[in-house]
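Notes follow once the structure below has been shown.
Derivation of every value follows stated rules applied to the coordinates shown; laboratory data play no part. Values in this document were obtained by computation on a predicted structure and should not be read as measured data. With ideal geometry, Cβ positions are generated from the backbone for all residues, glycine too; neighbour counts draw on all protein chains shown.
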Amino acid sequence: MAQFRNLVTTPHVLTEVSNLGDLQDKERLAFRSWLIHTIELAAEYSDESRTVVRGERRVFDRPGLTDAALASLDRHQFLFLTDDLDLYVTLAKRGADAINFDHLRPLNWT
């Protein structure tokens, strides 16, 4: 993420990331500190969930609300960075600019 000037997120994504932080002690504090810093740097976009579900029904039916909310952002012409293959494929099929983290990770040839 440090390679990009602007970070855009949604409340749905932030909630999922926050839920991943079920850690203990120092790890939890470090994670929460990182998350707070990231939230402060990010622009946050959101539509009401009912609007997302209506507008992105096909996306919602398969991957769910978070991905549907992200897919609804493609009208803003963002570059999407994800490690979620279903979301990546959905965005690519729609013509959105998307990068899968796996395409950025170096191959391990050992």
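So which residues in region 53-70 are touching a residue at least 24 places away in the same chain (Cβ under 8 Å) and closer than 14 Å to Thr9 by Cβ, if there are any at all?
Going through region 53-70, the residues touching a residue at least 24 places away in the same chain (Cβ under 8 Å) turn out to be 59, 62-63, 65-66, 69-70.
Listed by number, the residues that qualify are Thr66, Ala69, Leu70.
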Give me a count of the residues in region 25-78 that are under 22 Å from Ile99 (Cβ atoms), surrounded by fewer than 12 Cβ atoms within 10 Å (Cβ to Cβ) and aliphatic (A, V, I, L, M).
2
